[in-house]
Each structure stands twice: as structure tokens, then as C-alpha cells.
Amino acid sequence: MDFTHQKEFTRLLLDWHRKENRREMPWKGIRDPYRIWLAEIILQQTRVEQGREYYERFVEAYPTLADLAAAREEEVFRLWQGLGYYNRCRNLLHTARELMKSHGGVFPKNYEELLSLKGIGPYTAAAIASFAFDLPHAVVDGNVLRVLARYFALHTPIDTPAGKKYFTRLANELIPPEEPAIFNQAIMDLGATICKPQAPNCGQCPLNSFCKAFHQRKQEQFPVKLTRKTIRERYFHYLVCWFGDKTIIRKREEKDIWCGLYEFPMIERERLAGKELLLEDPAWKNLLPDGCWELKGITERKQQLTHQLIHARFFYVETTREPRILSPQILVQGKQLHQYAFPGIIVRYLHCVQQPLLL
DNA sequence: AATACGGGGAT
DNA sequence: ATCCCAGTATT
């Protein structure tokens, strides 16, 4: 590959990082691979400010890999509640246990073995390899893609496997083998603080004298993406059935959104449905024996996900007889609900509507 | 190669 | 509303 001003890129970036502001983060500069790993998993597709408190929470609850591996899954998911991308949480625990069981509780010290672990992809493997072990692997995240696409004015789309490979190879040409961690830290800091997605601060960018996109005043046109978007609309109907101070929940195990979280008995339909149709459905009818229940209220909420818009309708019902639970449903007390992790749409519903029952 | 997977902040 | 965030797994 032939790129102009490669040498200047690395030199100016490191010079800038040596003197300029660095964002303060609890995981910055640490060498413990466990905590680096934990931070990187939390930060996948997550803003630093959103992830920070989750990191603190996890370090407090599980100071070491062994502590995390020994934790109950329900508890770990409860700590993760609200962060999104819940497979990260499942893989986190899986890999913690895998490391304790098959690796003597020690992180592998090379890129390939790190990459083979569940939940660790190219970015996270490079982050652990460089930050914990000083290995010369360049991280390639959204910041890096943007900085490189602009500096070299590269039209290669960043959101394809081929594009990722292309930018990864470039980043690995630029990284100085003697201080990979500093380089990785610096390029992400630059992307986050100066080479921002919108309205980049090119005027005070340390690289502006060699930045090809800036020279063309086209910095906003990079990076190039193959935009595609289809939003699916879904209609969830929840039965919030109270028998005294107890209600029914179940864990979402299917391969779908919110896998691993809990929810109320739910019927999905092509469109919003009324109580007449839903209460005829065997799934709910069997839970509510004739004549001993009463519908007390209906609440609607929406939640926008990346590729789905969820319309939820909550049916608040009280019964005078104990519902006939079918596995994997469970009957829990309202005051125990806080032990389980729920999707945001349910958390907000409970918070606003069901306060007295939760105490 | 395309798609799914969350939730929140910034504009 | 739209974009994007210290990405990864699956099909």
C-alpha cells in the first residue's frame, strides 16, 4: 500500500498525546488484563460516560477474574441491566469461567488466543494485547476508522469486512512496535476529542497540516459507509398478573433481542391487539382460570432499538387464585423483582406504574 | 457480505 | 429524526 505522510502521522500523533489532554478513565494505564478486558467488553459500542459506572460497579463486585467466574448469572445480568447488547454479558461470564477452568485463571498473552475467546473480537484482542502485554497490535474501532479515513482521504467503506481488513492493515503499518499501547490510546483519544464524527475540530488538530481530507475541506465526507437501514416494527403484549404480592415472569432464552433478560408473559402479534383477542390466547387463558381475575388497566410504551421499534402494551391484571405456572415461568414477589434484569421498557413501566407493589 | 444485537447522548 | 458510540457473532 502506498500512503503519503505515514511517518508524520505517527510522529505528530504521539507528540500530541505526550502533552495534550487525555481523558481520565479508571481503566487507563492499568496493566491487569482482567480489568482491561472487563472495560473493553463494557465499552463495545458504548460511550465512555455510559460505561464508566458499570465498570466501577463490576470491579467493586468482582475485583478479580475468579470472583466474576464464581458469580451467579442472575446477579451478573442484574449488574449489566440497562447497558444493552446482553450477549456481551453472557459471553463475559462464559469466558471468565472458561479461563478459570481451562487456562488456570490466566489470560493468554498473545493475540490469536485472545481472539479465540467468546466475546473477544479483533478490537478487544488488540486492546488487551497492547495495553496489558505491550504487543504491537493496532486497535481498530470507530475512532480509528474515522481518523485514518480522513487523514488519508480513503474512500474504502468502513462497514464491510474488506474495509475492516484494509484499515486494520494500515493501522498495523502505522503502529510503532516499541510503544503500541501509547499509539492505540492516542489515536482513540484523538478520534474522541478532536476528529469527532460531526463538526471535527480540525483547526486545533495536531495532524491538520498533513490531513488529506482537511486539505480538500472534505473532512465531513469521511469515513464512507454503505448506509442501509430497515426498521422492523413489533408489537409485544405483556400480562402483568398479580396474585397478592406475587407476579409471573420468565427468562427470554430464544435467539432474539433481550436474550438472558426477564419479562412478563408476552404475546407478540402483527399489530397491537385488544384484550378480547389476547385473553383468548391459550398462553394467557391457562394462566387466568375463568372468573377469578380482573383487568385493572392497560398501559402502552414504545422503545426504539437499532433495527426494531417495539410497541408494548401492558395488561395489568389481578387474580384471586394462584396462577398455574408453566415452566420456565416463575412466580416471584414484587419486592424480589429487583433481583432480575429486565429490558428498559419493562423497567420504566414498573417504575412508573407499579411502585407500591415493589416495596 | 449482510444482519442482528441496546441504550443513550449529541445535533 | 438521525447518527454514532473503545464491536462481535451468526447466517
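Bear in mind these aren't lab numbers, they're just calculated from the coordinates by the rules spelled out. Quick caveat: nothing in here was measured; it's all calculated off a predicted structure. Positions of Cβ are generated from backbone atoms using ideal geometry, with glycine treated the same way; all protein chains shown enter the neighbour counts.
Could you give the length gained on full extension between A:K302 and A:E74, defined as 0.36 nm per residue of separation minus the Cα-Cα distance, in nm?
The span from A:K302 to A:E74 would gain 79.5 nm if fully extended.
Would you mind ranking A:F9, A:F222, A:F243 so that the residue whose beta carbon has the fewest other beta carbons within 10 Å leads the list?
Going from sparsest to densest Cβ surroundings: A:F243, A:F9, A:F222.
Return A:L277, A:L114 ranked ascending by Cβ neighbour count within 10 Å, so the fewest neighbours appear first.
A:L277, A:L114
Loop only by DSSP, 14 or fewer other Cβ within 10 Å of the Cβ. Give me the GluC sites (Glu not before Pro) in the range A:26-70 that pass, ordered by residue number.
none
Order A:193-199, A:136-142 from most to least packed using the mean count of other Cβ atoms within 10 Å.
Packing proxy ranking, top to bottom: A:136-142, A:193-199.
Looking at chain A, what % of its DSSP beta bridges pair antiparallel, to the nearest 5?
Here the antiparallel bridges make up roughly 65 percent for chain A.
Computed over the Cα atoms, what is the radius of gyration of the range A:6-221 divided by 2.2 N^0.38 Å, N being its residue count?
Normalised Cα radius of gyration, the range A:6-221: 1.05.
Compute the long axis of helix A:48-61 from its Cα atoms, compare it with the longest principal axis of the Cα atoms of chain A, and write down the angle in degrees, 0 to 90, nearest 10.
Helix A:48-61 sits roughly 70 degrees off the main axis of chain A.
When a footprinting reagent is the concern and you count Cβ atoms within 10 Å, what order do A:V147, A:V332 take, fewest first?
Neighbour counts put them in this order, fewest first: A:V332, A:V147.
Find out how many positive minus negative residues lie around A:E270, taking Lys and Arg as positive, Asp and Glu as negative, among other residues whose Cβ is under 13 Å from that of A:E270.
The answer is +2.
Compute the acute angle (0 to 90°) between the alpha-carbon long axis of helix A:87-102 and the principal axis of greatest extent of the alpha-carbon atoms of chain A; round to the nearest 10°.
Helix A:87-102 and the main axis of chain A meet at about 70 degrees.
Any idea what angle helix A:33-43 forms with the longest principal axis of chain A, computed on alpha-carbon atoms, 0 to 90 degrees, nearest 10?
70
How big is the charge dipole of chain A about its Cα centre, in debye rounded to the nearest 20, if each Lys and Arg gets +1 on its Cβ and each Asp and Glu gets -1 on its Cβ?
So the magnitude is around 720 debye.
Can you pull out the trypsin sites (Lys or Arg not before Pro) in the range A:172-243 whose DSSP state is coil and whose Cβ has at most 14 other Cβ atoms within 10 Å?
Taking the range A:172-243 and a limit of 14 other Cβ atoms within 10 Å, the loop trypsin sites (Lys or Arg not before Pro) found are A:R217, A:K218, A:K225, A:R228, A:K229.
Put +1 on the Cβ of every Lys and Arg and -1 on every Asp and Glu Cβ in the range A:6-221; which of A:A153, A:Q185, A:F131 then has its Cα farthest towards the positive end of the dipole?
Going by the charge dipole, the pick is A:A153.
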